[in-house]
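Quick notes on the structure that follows.
The values are calculated or read from the model by the stated rules, or taken from the named source; none is laboratory data. Fair warning: this is a prediction, and the values are worked out from it, not measured in the lab. Glycine gets a Cβ as well: all are built from the backbone with ideal geometry, and neighbour counts include every protein chain shown. Surface areas here come from the heavy atoms of the whole protein model, side chains and all, with no ligands, DNA or RNA. Shrake-Rupley method; radii C 1.70, N 1.55, O 1.52, S 1.80 Å.
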Amino acid sequence: MITLIKPSLHLEPEYLDYVSEWQESGESIVPSVVSKTFLPLEDFLEEQEQEERVAPTNWVTHSTYWLYDGETIVGAVNFRHDLNDQLQQVGGHIGYGIRPSARNKGYATEGLRQALEFARKRGLASVLITCSADNTASGRVILTNGGQEIESYIKEDGTRVRRFIIPL
């Protein structure tokens, strides 16, 4: 069974394997907040607990979850409780990433579905989610979860970011 769980010390071996796979792939860990997992795990857990209550400078409060299949951390989801100006354009309420070996198995679709439940419980009427225009897999995941595409955002470097609203 796939479930979103709070990161915890008891899954440190799975966590180390997760980080190692991302490092070996040469890709950046997604969502970006999870790239902080290169800190010792205890420090990361403390930081995440703090950031759920108090927003760091230029950030918003947020919650991070691991997508866990009962044996392996297959991905991570970051749920931003509110949006600032930057997140309105790029990032949105929910960011997610699946480790390279677990892609194309439905984990992202299920992880986003479960993250939408957290948003509903917080009382949001809708969520904003974005992805790079060249990330067709993520676009499909968002559409599968009810995403309605809205106006794209063009970054300073010319990169187009697709933006979606998911009504809750």
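From the set of residues in segment 111-129 that are open to solvent by less than 50 Å² (accessible area, probe 1.4 Å) and either acidic (D, E) or in a helix (DSSP H, G or I) (or both), which is nearest to A76 (Cα to Cα)? Before you say what the answer is, go through the steps one by one.
First, pick out the residues of segment 111-129 that are open to solvent by less than 50 Å² (accessible area, probe 1.4 Å): 111-112, 114-116, 119, 124, 126-129.
Imposing the further condition that a residue be either acidic (D, E) or in a helix (DSSP H, G or I) (or both) reduces the set to 111-112, 114-116, 119.
Values: G111: 8, L112: 10, Q114: 12, A115: 10, L116: 14, A119: 16 Å.
Per the criteria, the residue is G111.
I165 passes every criterion in (1) free of Cβ contacts under 8 Å to residues at least 40 places away in the same chain; (2) part of a helix (DSSP H, G or I); (3) surrounded by 14 or more Cβ atoms within 10 Å (Cβ to Cβ) apart from (2). Scanning segment 22-51 for residues that are more than 20 Å from R99 (Cα to Cα) and open to solvent by 60 Å² or more (accessible area, probe 1.4 Å) yields E42, D43, E46, E49, Q50. Of the numbered criteria (1) of a type outside the set (D, E, K, R); (2) surrounded by fewer than 18 Cβ atoms within 10 Å (Cβ to Cβ); (3) more than 21 Å from V33 (Cα to Cα), the one G147 fails is (2).
Can you find a residue that is in a loop (DSSP other than H, G, I, E, B) and more than 18 Å from the chain's Cα centre (by Cα) anywhere in segment 44-54? First the steps, then the outcome.
As a first pass, look at segment 44-54 and keep what is in a loop (DSSP other than H, G, I, E, B): 54.
The next check asks that each one be more than 18 Å from the chain's Cα centre (by Cα); those that pass are 54.
Within segment 44-54, one or more residues are in a loop (DSSP other than H, G, I, E, B) and more than 18 Å from the chain's Cα centre (by Cα).
Condition check for V77 on (1) touching a strand residue (DSSP E or B) at 6+ places or on another chain (Cβ under 6 Å); (2) β-branched (V, I, T); (3) more than 27 Å from D17 (Cα to Cα): one failure, at (3). In this structure, is V60 within 29 Å of R122 (Cα to Cα), touching a strand residue (DSSP E or B) at 6+ places or on another chain (Cβ under 7 Å) and either open to solvent by 50 Å² or more (accessible area, probe 1.4 Å) or assigned to a helix (DSSP H, G or I) (or both)? No, not satisfied. With respect to R99, determine if the residue is within 24 Å of D17 (Cβ to Cβ), open to solvent by 70 Å² or more (accessible area, probe 1.4 Å), within 15 Å of the chain's Cα centre (by Cα) and in contact (Cβ under 8 Å) with a residue 12 or more places away in the chain. It is false that R99 is within 24 Å of D17 (Cβ to Cβ), open to solvent by 70 Å² or more (accessible area, probe 1.4 Å), within 15 Å of the chain's Cα centre (by Cα) and in contact (Cβ under 8 Å) with a residue 12 or more places away in the chain. Remark: pairs (first residue in segment 1-22, farther than 16 Å from E49 by Cβ and in contact (Cβ under 8 Å) with a residue 12 or more places away in the chain; second residue outside any helix (DSSP H, G or I) and open to solvent by 40 Å² or more (accessible area, probe 1.4 Å); Cβ separation under 7 Å; 6+ apart in sequence or on different chains) = M1/G70; I2/D69; E14/T72.
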